[in-house]
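Participant: Submitted below is the structure of interest, expressed as structure tokens.
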Amino acid sequence: MVSTTATETRAELAGLLDRAATLDDAARAGRELFGIAATLRSEPALRRVATDAAVEADAKAGLVQQVFGGAVGDVALAVVTEAARRRWAVSSDLPAVIEQLGVVALVRSAGARGEQISDELFALGRLIEASPELRSALADPSRSGDDKVGLLRGLLDDKVLPATLALVEHAVSSRTGSVERALAEFQEVAAEVQGQLLATVRTARELSEADRDRLSRSLGRQYGRDVRLRVVVDPELVGGLRVEIGDDVIDGTVSSRLDDARRRLAG
């Protein structure tokens, strides 16, 4: 996660991705931005200078151009150059924002099918959650990133969009921490590109299409944006719904009400 200011900066820098003339150009920019983010994370001295408010903006822009010029295309270079000119309150926000812009570029590279990416990432996250063996294999520090990528390629090849596969490979090979967490972050960014908010809905039973439509419209009115539902069936909830949108939680489950009643009785 990044700060609010960094999120605003990302929105401004995203305009530079419009320079990608074709979908292939957008895909290339996405992959190159991932590489730039990885370099900035692995080279703390470079990252510190690129985010140092005491260094003139032109000097920082010149530094990143010297480092990355010739290694990446015009779109990725324009993004990192302009990013270096900005003020960063937290040094780690720079690679995080560059990485998120890589996600944006890859989602755009899917063109009219971009909305499908979020669905595919969600489905993979559910598959990992439901398979202890797969989750263990992806978390195994003794397995190389290439090995983990190969494992997922065997599951996903020809079943998902190329942009989705690129995001999954990046989540597995280049990110620290949980693969599931990375996939969830990428889902949120992918939804933002489509002008949507993601809502994770936990329910004791599968929702009908009519129920989904009503809930989506209700949440959309509340948040002033289109809301895309991610429904997770959890029988332990007994009944009701638990809705998570960003940091907001709307808990209307029977389990929650029973817990509240127990606490009142105990008090």
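Matching residues to (1) hydroxyl-bearing (S, T, Y); (2) more than 15 Å from the chain's Cα centre (by Cα); (3) over 27 Å from G252 (Cβ atoms):
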| residue | (1), (2), (3) |
| --- | --- |
| G150 | no, yes, yes |
| V172 | no, no, yes |
| Q196 | no, no, no |
| R202 | no, yes, no |
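Participant: Residues to consider are V249, V238; find the one that is under 24 Å from L124 (Cα atoms) and among the β-branched types (V, I, T).
Facilitator: On the way: V238 fails: under 24 Å from L124 (Cα atoms).
Matching residue, one of V249, V238: V249.
Participant: Another question, then. Tell me which residues, restricted to the stretch 68-106, are under 20 Å from T4 (Cβ atoms), among the aliphatic types (A, V, I, L, M) and in a loop (DSSP other than H, G, I, E, B).
Facilitator: Answer for the stretch 68-106, where residues must be under 20 Å from T4 (Cβ atoms), among the aliphatic types (A, V, I, L, M) and in a loop (DSSP other than H, G, I, E, B): A89, V90.
Participant: Determine whether the stretch 162-178 contains at least one residue that is at pLDDT below 90, among the hydroxyl-bearing types (S, T, Y) and closer than 20 Å to L198 by Cα.
Facilitator: Yes, some residue in the stretch 162-178 is at pLDDT below 90, among the hydroxyl-bearing types (S, T, Y) and closer than 20 Å to L198 by Cα.
Participant: Quick test for you: out of G30, G69, pick the one residue that is surrounded by fewer than 18 Cβ atoms within 10 Å (Cβ to Cβ) and either of a type outside the set (F, W, Y) or on the phi < 0 side of the Ramachandran plot (or both).
Facilitator: On the way: G30 fails: surrounded by fewer than 18 Cβ atoms within 10 Å (Cβ to Cβ).
Answer to the selection: G69.
Participant: Examine the stretch 133-145 for a residue that is free of Cβ contacts under 8 Å to residues at least 60 places away in the same chain, under 23 Å from L33 (Cα atoms) and either of a type in the set (S, T, N, Q) or not in a loop (DSSP other than H, G, I, E, B) (or both), and state whether such a residue exists. If you could, list the steps in order and put the result at the bottom.
Facilitator: Within the stretch 133-145, the first condition is being free of Cβ contacts under 8 Å to residues at least 60 places away in the same chain, and the residues that meet it are 133-145.
Checking the rest, the ones that are also under 23 Å from L33 (Cα atoms) come to 144-145.
Now restrict to residues that are either of a type in the set (S, T, N, Q) or not in a loop (DSSP other than H, G, I, E, B) (or both): 144-145.
Taking every residue of the stretch 133-145 in turn, at least one turns out to be free of Cβ contacts under 8 Å to residues at least 60 places away in the same chain, under 23 Å from L33 (Cα atoms) and either of a type in the set (S, T, N, Q) or not in a loop (DSSP other than H, G, I, E, B) (or both).
Participant: Tell me which of these L198 doesn't satisfy, since it passes every other one: (1) without any contact (Cβ under 8 Å) to a residue 60 or more places away in the chain; (2) surrounded by 17 or more Cβ atoms within 10 Å (Cβ to Cβ); (3) not in a helix (DSSP H, G or I).
Facilitator: L198 satisfies all of (1) without any contact (Cβ under 8 Å) to a residue 60 or more places away in the chain; (2) surrounded by 17 or more Cβ atoms within 10 Å (Cβ to Cβ); (3) not in a helix (DSSP H, G or I) except (1).
Participant: Also, quick follow-up: Could you list, in sequence order, all residues of the stretch 144-196 that are farther than 16 Å from L127 by Cβ and touching a strand residue (DSSP E or B) at 6+ places or on another chain (Cβ under 7 Å)?
Facilitator: Of everything in the stretch 144-196, those that are farther than 16 Å from L127 by Cβ and touching a strand residue (DSSP E or B) at 6+ places or on another chain (Cβ under 7 Å) turn out to be E188, A191, G195, Q196.
The values are calculated or read from the model by the stated rules, or taken from the named source; none is laboratory data. Just so it is clear, the structure is predicted and the values come from calculations on it, not from any experiment. Don't worry about glycine lacking a Cβ; one is built from the backbone with ideal geometry, like all the others, and counts go over all protein chains shown.
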